[in-house]
Structures are given as C-alpha cells and as structure tokens.
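For reference, the structure is listed below as structure tokens.
The values are calculated or read from the model by the stated rules, or taken from the named source; none is laboratory data. Here the structure is a predicted model, which means the values were calculated and not measured. Note that we place each Cβ from the backbone using ideal geometry, even for glycine, and neighbour counts take in every protein chain shown. In case anyone asks, the SASA skips ligands and DNA or RNA and just uses the protein heavy atoms, side chains included. Shrake-Rupley method; radii C 1.70, N 1.55, O 1.52, S 1.80 Å.
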Amino acid sequence: MGTAVDDAAAEFHAFFERHYAELARLAHLLTGEPDAADDLAADALLALWHRWDRVRAADRPVAYARGVVANLARTRVRAAVRERRRVALFWSQRTEPTENPDVAGVVDVQEALRRLPFRKRACVVLRHAFDLSEKDTALALGVSVGTVKSQTSKGVAELQRLLGTRTAPRAPQQVRAVIARSGGAAGGAR
C-alpha cells in the first residue's frame, strides 16, 4: 500500500503524461514561439506540482492548468513587447534608411495570431484550436463567458481582416482548420 505522497506523485505523473502536449501546444499558439512552448508548459506543470493538493481537489484541474499556461504566456508576451520597445527606441535614434524592404505577400496564421491582442488570441485559440466551450475558456482565462464570446468574435473578425478575403475563415470550423495547418494542430488529447 502506497503512502499519500506516492499516490499524489503517481496522480500528478498521470496528469503530466495526459496533458503536457496539449499545454505545450497552447503555449505555442499563445506566444507564437515554438521553442518557448515546452518551457512554458514545464513551468506551468512545476507550478501545479507545488500546489498539487489544491489542484487535484479542483473540479477541473485541466482548466486550472490552462489558466496557469495562459498567465505565463501573457507574462512572456508582455516581456517581449517591452524588449521590442527598448530595441525600437535604440534603433529609432539611427538614421540609416532601409532600401527595398522585404514585405511578405501573404500573412500566415501564426503571424496573424501574434498580431491579435493577448485576450482575443487566447479566446480564439482556446475556442477554435482546442475546441473548448465558452465556459471552459472563461474558466481557463479567469474571465466571464460574455467576455469570451465578445473577444472570440472580435478576434475572428480581426483574423479575417488580417488574412484577407482569399483565406479568411468564415466559420469556426475553418478557423480551426487554418490554425491546425499553421502548426498548432488541436488534435490529440484534450
């Protein structure tokens, strides 16, 4: 017969095995950084382990885990924005003109997602790439269901605008398909 600590460790290990890949995909889609996704998922799971007694007693431990990933991703995105501002300030003081800038002809989905404000991006990704309900999305992000509805609608509309009419998703199924083709497939365990 195992001890309570052994039982908790085994339960956490099973949770880790079941949800790590999903949490890493979520981190990738929220940050747009595939290299950081594993680190964010691991950091989130470490934070969950430290609070495992409370997490495992929750009604929806996976929703709690998604919320931790979303918060870590938000922190990472904000830090990246601050860093870009510092770099832009430095380079704005230089007067070298750029000749023949390389402008992409087509904006891919991941770039379009990166251009969305964090809350819209999180709502679109959780609703359409991870196929979560509005309630589950609200739980993961710590917002109301109404906020999820509003931010998802606005996010999809902005994606349509950014992607142009040629590839603009017009239905949630098309949004899921476009996000899945961009490397953030929502397949696998949910």
Flag for ALA177 being outside any helix (DSSP H, G or I), surrounded by 10 or more Cβ atoms within 10 Å (Cβ to Cβ) and at pLDDT below 75: no
Among the residues listed as ASP7, ASP53, ASP59, ASP43, the single one being open to solvent by 60 Å² or more (accessible area, probe 1.4 Å) and within 18 Å of the chain's Cα centre (by Cα): ASP43
Contacts under 9 angstrom Cβ, first residue in segment 26-50 being within 25 Å of ALA8 (Cα to Cα), partner among the hydroxyl-bearing types (Ser, Thr, Tyr), 6 or more apart: ASP38/TYR20; LEU40/THR31; ALA41/TYR20; ALA42/TYR20; LEU45/TYR20; LEU48/TYR64
Any hit, segment 3-19, residues being under 16 Å from ASN71 (Cβ atoms) and either among the charged types (D, E, K, R) or not in a helix (DSSP H, G or I) (or both): no
